Amino acid sequence: MVRTNEGEMAHLTDNSSLALDRIRKMLNETSFGPDGKLPTERAVAEQLGIGRRSVRRALEVLEAEGRVWRRQGSGTFARPPPSDLHGRIGQIAAETDYMEIMEVRLRIEPQLAQLSALRARSEAIERMRQILRRLDESEDSDGRELWDSAFHRQIAKSAGNRFFLTIFDVVDRVRQDAAWQAIRARARSAAYLAIYSQQHHTILEAIARRDPVKAGEAMRQHLMTLYDNLVHQTSLGSLSDAS
């Protein structure tokens with residue numbers, strides 16, 4: 001069991017993105033027997049040192065991705081991992097910052113959206129729609145962070161390139177950083193949330209129409225909006241610290 005002090009536990013309880021990463025690692029590295037049945041949510045929470053709400057949310061994302069499946073009254077079951085992630089992801093994420101991550105995202109995610117428009121299967125597109133519905137329904141920063149990440153990862157997964165997906169997962173790990181999440185939370189005003197939602201749906205519809213040019217451009221515009229907003233929020237924070 002992972003042991004933390006009370007302050008750390010309070011932080012982990014509301015960090016569903018961290019729960020998602022740890023459960024993905026558990027799925028990749030653990031054998032669950034011939035039926036693939038996972039331990040109960042309570043047992044997983046105790047084993048990983050993460051609150052049950054975060055574990056439940058993370059399992060919902062993994063179910064939406066097709067990584068696990070559930071049977072009423074029987075539990076949660078794992079599917080085979082789509083790929084093996086190398087062990088240095090955590091170290092790489094710890095050695096970078098969110099602006100470097102945005103620079104990388106701007107260079108790879110438009111291409112991922114283009115490939116997704118060419119290769120995504122109909123069931124993958126339906127998963128994107130389901131994920132966007134959950135994102136639009138989220139009422140707190142933790143939920144929005146979780147489902148936003150799931151939407152972008154589903155696009156990366158649908159691009160059909162395992163090496164690209166590994167790169168995306170390295171990039172996505174920075175979302176767990178407390179400073180990154182705090183800045184992103186400030187960047188989610190009601191006005192910007194509406195803009196981000198519209199942009200997400202524009203990306204999805206371009207992918208669904210099999211239009212790689214529009215999908216790539218829609219993703220680029222979305223990331224540029226986020227990038228500019230993050231720079232603005234960082235500048236405001238610097239001014240506040242200096243005053």
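The values are calculated or read from the model by the stated rules, or taken from the named source; none is laboratory data. Predicted model only: the values in this text are computed from it and were never measured. Don't worry about glycine lacking a Cβ; one is built from the backbone with ideal geometry, like all the others, and counts go over all protein chains shown.
Starting from the stretch 44-58, keep only residues that are hydroxyl-bearing (Ser, Thr, Tyr), then list their pairs with residues that are surrounded by 21 or more Cβ atoms within 10 Å (Cβ to Cβ) and not in a helix (DSSP H, G or I) whose Cβ atoms are within a distance under 9 Å, requiring at least 6 positions of separation or different chains.
From residues that are hydroxyl-bearing (Ser, Thr, Tyr), the pairs are 54/15.
Step by step: first the residues of the stretch 159-173, then only those that are surrounded by fewer than 17 Cβ atoms within 10 Å (Cβ to Cβ) and either in contact with a strand residue (DSSP E or B) (Cβ under 9 Å, 6 or more places away or on another chain) or of a type in the set (A, V, I, L, M, F, W, C) (or both), then the one that is nearest to residue 133 (Cα to Cα). Which residue is that?
167
Just checking, does the stretch 174-182 include any residue being closer than 26 Å to residue 66 by Cβ and either at pLDDT 85 or above or surrounded by fewer than 19 Cβ atoms within 10 Å (Cβ to Cβ) (or both)?
no
Test residue 191 against the stated conditions and say whether it is surrounded by 15 or more Cβ atoms within 10 Å (Cβ to Cβ), in the same structural domain as residue 110 (by TED's automatic domain parsing) and modelled with pLDDT of 80 or more.
Here the answer is no, as residue 191 does not meet what is asked.
Check residue 213 against each of (1) of a type in the set (A, V, I, L, M); (2) at pLDDT below 95; (3) over 17 Å from residue 62 (Cβ atoms) and name the one condition it does not meet.
For residue 213, the exception is condition (2).
Could you pull out every one of the helices (runs of 4 or more DSSP H) wholly within the stretch 1-100 that has 1 or more residues that are within 24 Å of residue 140 (Cα to Cα) and at pLDDT below 85?
In the stretch 1-100, 6-13 are the helices (runs of 4 or more DSSP H) which contain 1 or more residues that are within 24 Å of residue 140 (Cα to Cα) and at pLDDT below 85.
Among the residues of the stretch 27-50, how many are closer than 19 Å to residue 15 by Cα and under 18 Å from the mean Cα position of the chain (by Cα)?
Of the residues in the stretch 27-50, 2 are closer than 19 Å to residue 15 by Cα and under 18 Å from the mean Cα position of the chain (by Cα).
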